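The values are calculated or read from the model by the stated rules, or taken from the named source; none is laboratory data. Here the structure is a predicted model, which is why all the values come from computation and not from measurement. Virtual Cβ from ideal backbone geometry, glycine too; neighbours counted across all protein chains shown. Each accessible area value is taken on the protein alone, full model and side chains, heavy atoms only, with ligands, DNA and RNA left out. Shrake-Rupley method; radii C 1.70, N 1.55, O 1.52, S 1.80 Å.
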Amino acid sequence: MSSTMEVQLIAIVVAAACALPGVFLVLRRMAMMSDAISHTVLLGIVLGYFVTRDLASPLLFVGAVATGVLTVSLVEMLTRTNLIKEDAAIGLVFPVLFSIAVILISRYAGNVHLDTDAVLLGELAFAPFDRITWGWLDLPRALLIGSITLVLNLLLIVLLYKELKLATFDVGLAATLGFSPVLVHYGLMTVVSITAVGAFDAVGSILVVALMVAPPAAAYLLTDRLSRMLGLSVVIAVLSAVLGYWFARWFNVAIAGSMAMMTGVAFLLAFLFAPARGIVALGVRRSRQRWEFAQQMLTLHLLNHEGTAEADDECSRNHLSHHLRWQPRFAATVIRLAEQGGLIQCDGMRLMLTDQGRRLAQEASLR
Amino acid sequence: MQPALAITDLTVAYHDKPVLWDVDLEVPASTLMAIVGPNGAGKTTLIKAALGLVRPAAGQTLFYGRPYREQRRLVGYVPQRGSVDWDFPTSVLDVVMMGRYGSLGWFRRPGKAERQHALAALEKVRMADFATRQISQLSGGQQQRVFLARALVQDAQIYFMDEPFQGVDAVTERAIIDLLRDLRANGKTVIVVHHDLQTVPEYFDQVCLINVRRIASGPVAEVFTEANLRATYGGRIAFLGHAEDDEATPSRTEGMLKGVAD
């Protein structure tokens, strides 16, 4: 397998692995927790290294996951005092834990392969050089770890789909039905920590956050079913990863940075062009509603004055803008649309309702 | 007959501030009971403590003589409509099926039987046409009926409903009350946090008046009196023409109630 291929494969499995738990983070309004966890796991790695003096020890992984979960419980403890809101609590806890890690690295581990730039941005391009050989198996370490994380996350979501959905949608019902929301919550946070640790070695913590938040947020705009949101998140994350990789290759820029940017682009596209909820669709709907409503107003106005003495004046093309206080150009457009739609007929200056227009006016008057 | 629900000496406190103070409550089986009281009286807390969602400082709750942990299956819960995120990406049918999750247990996924169950419940609350709708498209009354359908599929013996009439239209209110009577006719017990004092005598046969302490509870005809309402709401309630008759009967009380300043 070429290293180009391997880097892309690593990016793909890591992207998919991050997007899955990210869906639940976004739905639980805990997106910022991914930011906190993906940084504080570094402290666990550093402390694990001081204990074992071995960067390959599995204890580092355990320590990292533990600090991830610790971050969550510290944030919750602070929030529960009611002295601080959750967002501020996150902003307090994670820089403290992260900076302790940074200080420890700079003071005691300056000569070890643990540097802070790599933590933030990862070093995906070099990932294929760090390999694991095991019998006939010869894989980049990051690919193996990423794949294991992905399988774990998939398994969890397949097995506990209903529990995760219930505990996310309705905590109270989950608790009364005997599905401990606390257990589900900490289970999810453990998985987020594992994913963050597994991923950030390869892609860095910024990309972990981008992959956990942006694809689910984009998918949320594109569908209204949880299962499809999960699927779409994975697709968007994987596409962003691959496109980001090629973008980085073509322009000779940082891979993780390009991938993170692509997740942003994907979100922006969904934000603008999502079929039902995108800004464009919303704008089109609003504008259509505005014109339709104006036509209804027009028909109602004509109906109210139909057959009355002042009908000639009230229903005249020229006086319409005066009576309804409409801009002449707006009035002209409404009249044209109403005429095209068969709601009114124009007899010289005089505007008259058609049967269809009368029906619409009568319906409108009931609202 | 054994009461459906027996609460004894229940105290819930927030630090040193009691939210519920030594409350005793017995609810006979096959009745509709309203829990009424002013805002902050602890009505929702009473339900949450009974269901173990809030840890009480003292007291116990028994469902047909046994604690909640052992009787989970017998208890259905309809939380306040505003307690969930209605923009959640899911369908009406899916939400109703959640009521079956308890009997499925961990790991097992809902299947055809659960779908049928949920559809039948939606039929009962006249929401079958909405089964595949995204829940954010529902009106307040429709949301409430979906929650009721979800409680129905739980197939419980005792139901707790937190303000099911809150902000619903007249049609939904009728639908809900018909449903409650249906449940009672089938031997179920329903305990409802209720706000509209006017409708208490018409809708319910038992009432519990609380304001941190339990003021009174029992059959509406005996307990829903002006004196008890005054004790519950203090000066914040207006009665019309009570000079005529001091021994207000419940039906008169209904006519005399002008409203409660919440």
Problem set entry | Rounded FRET efficiency, nearest 0.05, which uses the C-beta distance separating B:Asp9 from A:Val253 and R0 of 51 Å | 0.15
For this session: For chain B, just run the numbers: alpha carbon Rg, then divide by 2.2 N^0.38 Å, N being how many residues it has.
Result: 1.03
For this session: Would you mind classifying chain A by shape? Square roots of the alpha carbon gyration tensor eigenvalues, ordered a ≥ b ≥ c; an a/c under 1.5 is rounded, otherwise it is prolate if a/b is larger than b/c and oblate if not.
Result: prolate
Seminar exercise, completed: Tilt, helix A:31-52 to longest principal axis of chain A (alpha-carbon atoms), in degrees rounded to tens, equals 0 degrees
Exercise. Within the accessible area of region A:220-311, what % is carbon and sulfur when the probe is 1.4 Å and the other protein chains stay in place?
Worked result: 68 percent
Exercise. Lys/Arg Cβ at +1, Asp/Glu Cβ at -1, dipole of region A:280-366 taken about the Cα centre: which of A:Asn318, A:Asn304, A:Pro328 is farthest positive-ward?
Worked result: A:Pro328
Seminar exercise, completed: antiparallel share of DSSP beta bridges within chain B, to nearest 5, in %, is 60 percent
Exercise. How would you rank A:204-214, A:341-351, highest first, on the average number of other Cβ atoms within 10 Å across their residues?
Worked result: A:204-214, A:341-351
Seminar exercise, completed: Under 5 Å from the placed amide H of B:Val19, counting only residues 5+ away or on other chains, we find B:Val12, B:Ala13, B:Tyr14
Exercise. Using DSSP loop states and a limit of at most 14 other Cβ atoms within 10 Å to flag GluC sites (Glu not before Pro), what is the longest stretch of chain B containing no flagged site?
Worked result: B:1-243
Seminar exercise, completed: As a Kirkwood estimate from alpha-carbon pairs, region A:302-353 has a hydrodynamic radius in angstrom of 11.0 Å
For this session: Please report how far the C-alpha centroid of region A:269-287 lies from that of region A:13-66, rounded to the nearest whole angstrom.
Result: 36 Å
Seminar exercise, completed: The value for region A:1-64 (convex hull of the alpha-carbon atoms, volume per residue, Å³) is 107 Å³
Problem set entry | Local electrostatic count at B:Trp106 - Lys and Arg +1, Asp and Glu -1, tallied over other residues with Cβ under 13 Å | +2
Exercise. Mean shadow of region A:280-366, computed from the convex hull of its alpha carbons, in nm²?
Worked result: 5.9 nm²
Seminar exercise, completed: Probe 1.4 Å, heavy atoms of protein chains only: per residue, the accessible area of the protein assembly as shown in Å² is 47 Å²
For this session: Grab the DSSP H runs of the protein assembly as shown that are 4 residues or longer, score each as -39,500 (n - 2.57), total them, divide by all residues and round the 222 nm result to the nearest 500 deg cm²/dmol.
Result: -19000 deg cm²/dmol
Seminar exercise, completed: Links exceeding 28 Å between C-alpha atoms in this model, out of A:Lys85/A:Lys162; B:Lys48/B:Lys112; A:Lys85/A:Lys165, come to A:Lys85/A:Lys162; B:Lys48/B:Lys112
Problem set entry | Gyration tensor verdict on the protein assembly as shown (Cα atoms; rounded if a/c is under 1.5, prolate if a/b is larger than b/c, oblate otherwise) | oblate
For this session: Note down the magnitude of the dipole of region B:1-61 about its Cα centre, charges +1 on Lys and Arg C-beta and -1 on Asp and Glu C-beta and zero elsewhere, to the nearest 20 debye.
Result: 260 debye
Exercise. How many angstrom lie between the C-alpha centres of region A:204-230 and region B:194-223?
Worked result: 48 Å
